[in-house]
Amino acid sequence: MIAYSHKSLDNLSIHDEIASALNNHLISKEEAKAIKEKYPVNLYTPNLFIRIGLFLLTVLITFMSLGLLAFLGGSFSEKDLGGLMLFFAIGTYAVLEVIIRQKAHYRSGIDDALLCMSMGFLFASINIIFSFPTPLSESVFVFILSGYCLLRFGNAIMSGIAFISFLAIIFYTVLRLGIQASLILPFLMMGLSFLVYWVTRKVVNNNRLRHYRNCIIVVQVLSLVIFYAAGNYFVVQEFNNEMFATASELGRPVWGAWLFWILTVVIPLTYIFRGLQKKNIILLRTGLVLIAATVFTIRYYYYLASVDIIMTIAGMIMISVAYFVTKLLATPKHGFTQTAPNDPQIIGLRQLESLAIAQTFHDTGADTGEHFQFGGGSTGGGGASEKY
Amino acid sequence: MNTRLFEQLKQEGLLSEVSIERIQQQQRSRLFSVHWELKTILYLGILLLTSGLGILVYKNIDTIGHQVILACIAVLCIGSFVYCERKKLPFSLAKVAAPNSFFDYIVLLGCLTFIIFITYLQVQYTAFGNAYGLATFIPMIVLFFISYYFDHLGVLSMAITNLAAWMGIAITPLNILNTSYFSDSKLIFAGLLLGILLNITAAVSERRNLKAHFGFTYMNFGMNILFISCLAGMLYFESILIFWLLPLAGITVYFYRKAHIISSFYLMLMLTIYAYIGISYFIVRLVANYSDGDAIITLGLLYFIFSAAGTVIFLVNMNKKLKHNDSI
């Protein structure tokens, strides 16, 4: 089903393993070279920066062509534009298939751009031509499109979209049942997410699905997040207000509020605990990130202190935690260490790190108060989800 | 670490005994590293702490005693630098590694608290009066010193940003006598000067080995500022637009050569984007001046389609050329 040559993809993963082993000084340069020659990769994958440039240029060319044809065509009516976009959707997809088959493009920027635009045009044109009224049919359509792209190209983003649209389909279907929906939806969503998580855990190392490993991991992370979000008090309460409350009922706590509060606090802690216990990095990192969401949720409903005090205290707590755990793990304990893994994928992160520091901390001059930019660079990111 | 793969490679005789031994040892002692999680928590912690302190100071300037706040910030600042001074490895003009992962962030904390301190002095006591230039100059000098003394790239970036701010601030008071027409143009020329200065510093650092690894940061800032100033010049001086193509072409060629020397894909991409924007702007203005309504759009779109296609071919070729040595 997948558009790329199986052999090349397999050899590509071999190359990645070898590069990692070489960086950890496990094998010699000559051995690495010999192995790479024995398992050649025939894919065209340019450097990341070139890839970005090619992506931008491809988008530019396509949109300019669209503009040119629309302009020369004369009429700007909606239906005509929709038809033109449909034509472009098919055209870009055709070009995509051709360059993959003929020139073996793989994550080359050009194929990324063509895929995005093809799907975008298709979605937009169908919407214009048929003007879909219901979110449900939109979800079904998106699910089919993204599911196809996922299977055909192993694209991690498409897998994320497919999962979300799948949940959306269930969501909108249940919504039609009215008031009953508000009661079972959180639990239904949590149940589904848990099921999906369990399935991804089972199949992540399956050999037949080895080319889709990145996609499976993305879905795994998303399922963890959705599981939390479905039980998060803020989400449930606000959703309830949006959908079902009349003006007088607004603000009244939803049924079972206590349950959702417990879930909101307990789930991230469980993730972290299980992550540490099972040495599962995905659980651990997701848990750490979701703690921030929990803090935000608590603060939204219970004003504990002003933002600056909370930030200062939180900052002090985090620095202390980092310091003491680092001290504790100076010699490895229970299989944990605080030293950096020597992975080539991580080397890039170090450079990103210094750029992130420069981005987030810069002085704006002496005549105004200090304004610090938020959005600290996250050097995290699941081990396998760096490249897709 | 794929056991199956290495088994297969061993069977095919592609791995030597030494390598097999090392791989097996690695697989036996698999430690779970929480390094990046700890680093992220530390980084976010510092971010939150300094932001929180900044806002706290700003809001409560009236209530808490100024001396107390100033004293606390000073203590934090001095404490950080004392820690760094004690832990640091001996100074050298080559790259000096940090003794532990904590070290870099404490240097950062020290610098940030120092900046907060100076800002506070200025806002509360107007310690520098109206000499805004001086108020930016002192932190800048301190930041440069610290970046070299403790070998910290992040602080260097902050110092360079301060330098840019200082030049912007220092230039404008001179314009009070001039008309507003030239007031913006001074910034453009300041930018050009700054860009050239930074690139010279980069070249000198690398050639004379004065912290050669700082060279990339200097060049990165310098390149971006130079290109942006050139493009700003093109946009601002509409009538003599064509004369700005010369410096643009000049720096494009300079960085093109540099990209080949240091095999930098990043540099190649940046110069391509900037040069493309410059050339496109020039062509579009040309077309707009010498034709009318419909033709402008058609010609413009055609230009973009063909020029973008040409640039794609250019980038693909550059990728091939630069691939032989691999770096950023």
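Any idea which residue in the range A:1-18 is surrounded by the most Cβ atoms within 10 Å (Cβ to Cβ), counting only those that are hydrophobic (A, V, I, L, M, F, W, C) and away from chain B (no Cβ under 11 Å)? So, considering only residues that are hydrophobic (A, V, I, L, M, F, W, C) and away from chain B (no Cβ under 11 Å), the one surrounded by the most Cβ atoms within 10 Å (Cβ to Cβ) is A:L12. Put simply, of B:L241, B:L246 the only residue that is open to solvent by less than 30 Å² (accessible area, probe 1.4 Å), more than 26 Å from B:L156 (Cβ to Cβ) and out of contact with any Pro (no Cβ under 9 Å at 6 or more places or on another chain) is B:L241. When the range B:18-28 is limited to residues that are at pLDDT 75 or above and more than 7 Å from chain A (Cβ to nearest Cβ), the one that is least open to solvent (accessible area, probe 1.4 Å) turns out to be B:I20. In the range B:46-56, the residue that is farthest from the other protein chains (Cβ to nearest Cβ) out of those that are open to solvent by less than 20 Å² (accessible area, probe 1.4 Å) and closer than 18 Å to B:I118 by Cα is B:T50. Of the residues making up the range B:275-302, those that are more than 26 Å from B:N224 (Cβ to Cβ) and either of a type in the set (A, V, I, L, M) or part of a helix (DSSP H, G or I) (or both) number 15. Within the range A:61-92, the residues that satisfy the criterion of being open to solvent by 50 Å² or more (accessible area, probe 1.4 Å) and either part of a helix (DSSP H, G or I) or touching a His at 6+ places or on another chain (Cβ under 9 Å) (or both) are A:F63, A:L69, A:L72, A:G73, A:E78, A:K79, A:D80, A:L81, A:L86, A:F87, A:I90.
Just one of (1) outside any helix (DSSP H, G or I); (2) within 14 Å of chain A (Cβ to nearest Cβ) fails for B:S239. It is (2).
For the range B:96-134, taking the residues that are open to solvent by 30 Å² or more (accessible area, probe 1.4 Å) and at pLDDT 80 or above, the one that is nearest to the other protein chains (Cβ to nearest Cβ) is identified as B:D104.
State which residue is modelled with the lowest pLDDT when the search covers only the range B:57-73 and only residues that are surrounded by 14 or more Cβ atoms within 10 Å (Cβ to Cβ) and more than 9 Å from every other protein chain (Cβ to nearest Cβ). Looking at residues that are surrounded by 14 or more Cβ atoms within 10 Å (Cβ to Cβ) and more than 9 Å from every other protein chain (Cβ to nearest Cβ), I get B:I61. Residues that are open to solvent by less than 30 Å² (accessible area, probe 1.4 Å), on the phi < 0 side of the Ramachandran plot and assigned to a loop (DSSP other than H, G, I, E, B) within the range A:307-335 comprise just one, A:L329.
If I ask for residues that are outside any helix (DSSP H, G or I) and more than 7 Å from every other protein chain (Cβ to nearest Cβ), which ones from the range B:1-17 would you list?
B:M1, B:E12, B:G13 - these are the residues of the range B:1-17 that are outside any helix (DSSP H, G or I) and more than 7 Å from every other protein chain (Cβ to nearest Cβ).
Output the residues belonging to the range A:26-54 that are open to solvent by less than 90 Å² (accessible area, probe 1.4 Å), free of Cβ contacts under 8 Å to residues at least 40 places away in the same chain and facing chain B (nearest Cβ under 7 Å). A:L26, A:I27, A:S28, A:E31, A:A34, A:I35, A:N47, A:F49, listed by residue number. Evaluate the following for B:V142: is it closer than 30 Å to B:T40 by Cβ, surrounded by 22 or more Cβ atoms within 10 Å (Cβ to Cβ) and modelled with pLDDT of 85 or more? Taking the combined requirement at face value, the residue does not satisfy it. A residue that is in contact (Cβ under 8 Å) with a residue 24 or more places away in the chain and not in a helix (DSSP H, G or I) cannot be found anywhere in the range B:46-54. Do the conditions hold for B:L269, that is, is it in a helix (DSSP H, G or I) and within 9 Å of chain A (Cβ to nearest Cβ)? So B:L269 fits the description; yes. One residue is enough: does the range B:20-32 have a residue meeting the conditions touching a residue at least 12 places away in the same chain (Cβ under 8 Å) and either of a type in the set (V, I, T) or in contact with a strand residue (DSSP E or B) (Cβ under 9 Å, 6 or more places away or on another chain) (or both)? Within the range B:20-32, one or more residues are touching a residue at least 12 places away in the same chain (Cβ under 8 Å) and either of a type in the set (V, I, T) or in contact with a strand residue (DSSP E or B) (Cβ under 9 Å, 6 or more places away or on another chain) (or both). In the set (1) without any contact (Cβ under 8 Å) to a residue 24 or more places away in the chain; (2) farther than 20 Å from B:V142 by Cβ; (3) surrounded by 12 or more Cβ atoms within 10 Å (Cβ to Cβ), B:K87 fails one condition alone, (2). If we scan the range B:38-45, do we find a residue that is among the charged types (D, E, K, R) and within 9 Å of another protein chain (Cβ to nearest Cβ)? Yes, there is a match, as at least one residue in the range B:38-45 is among the charged types (D, E, K, R) and within 9 Å of another protein chain (Cβ to nearest Cβ). Within the range B:200-217, the set of residues being of a type in the set (V, I, T) and open to solvent by 70 Å² or more (accessible area, probe 1.4 Å) comprises just one member, B:I200.
For the structure I just gave you, tell me whether B:S92 is under 30 Å from B:H213 (Cα atoms), among the hydroxyl-bearing types (S, T, Y), under 35 Å from the mean Cα position of the chain (by Cα) and more than 9 Å from chain A (Cβ to nearest Cβ). Against the criterion (under 30 Å from B:H213 (Cα atoms), among the hydroxyl-bearing types (S, T, Y), under 35 Å from the mean Cα position of the chain (by Cα) and more than 9 Å from chain A (Cβ to nearest Cβ)), B:S92 qualifies.
Yes/no per residue for (1) at pLDDT below 85; (2) among the acidic types (D, E); (3) in contact with a Phe, Trp or Tyr (Cβ under 8 Å, 6 or more places away or on another chain); (4) more than 13 Å from B:L5 (Cα to Cα):
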| position | (1), (2), (3), (4) |
| --- | --- |
| A:M1 | yes, no, no, yes |
| A:S5 | yes, no, no, yes |
| A:I14 | yes, no, yes, no |
| A:L22 | yes, no, no, yes |
| A:S28 | yes, no, no, yes |
| A:E37 | yes, yes, no, yes |
| A:R51 | no, no, no, yes |
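Do the conditions hold for B:Y256, that is, is it buried (at least 21 other Cβ atoms within 10 Å of the Cβ), assigned to a helix (DSSP H, G or I) and hydroxyl-bearing (S, T, Y)? Against the criterion (buried (at least 21 other Cβ atoms within 10 Å of the Cβ), assigned to a helix (DSSP H, G or I) and hydroxyl-bearing (S, T, Y)), B:Y256 does not qualify.
Taking the range A:141-178 as the range and being open to solvent by 50 Å² or more (accessible area, probe 1.4 Å), in contact with a helix residue (DSSP H, G or I) (Cβ under 6 Å, 6 or more places away or on another chain) and over 23 Å from A:V95 (Cβ atoms) as the test, the residues that pass are A:F143, A:F166, A:Y172. Residues that are under 29 Å from A:T134 (Cβ atoms), open to solvent by less than 30 Å² (accessible area, probe 1.4 Å) and either in contact (Cβ under 8 Å) with a residue 40 or more places away in the chain or not acidic (D, E) (or both): does the range A:211-218 have at least one? Within the range A:211-218, one or more residues are under 29 Å from A:T134 (Cβ atoms), open to solvent by less than 30 Å² (accessible area, probe 1.4 Å) and either in contact (Cβ under 8 Å) with a residue 40 or more places away in the chain or not acidic (D, E) (or both).
The values are calculated or read from the model by the stated rules, or taken from the named source; none is laboratory data. Only a predicted model underlies this, so the values are computations on that prediction, with no experimental measurement involved. Neighbour counts are summed over all protein chains in view; Cβ atoms, including those assigned to glycine, are modelled from backbone coordinates with ideal geometry. Just so you know, the surface numbers come from the protein's heavy atoms only, side chains and all, with ligands and any DNA or RNA stripped out. Shrake-Rupley method; radii C 1.70, N 1.55, O 1.52, S 1.80 Å.
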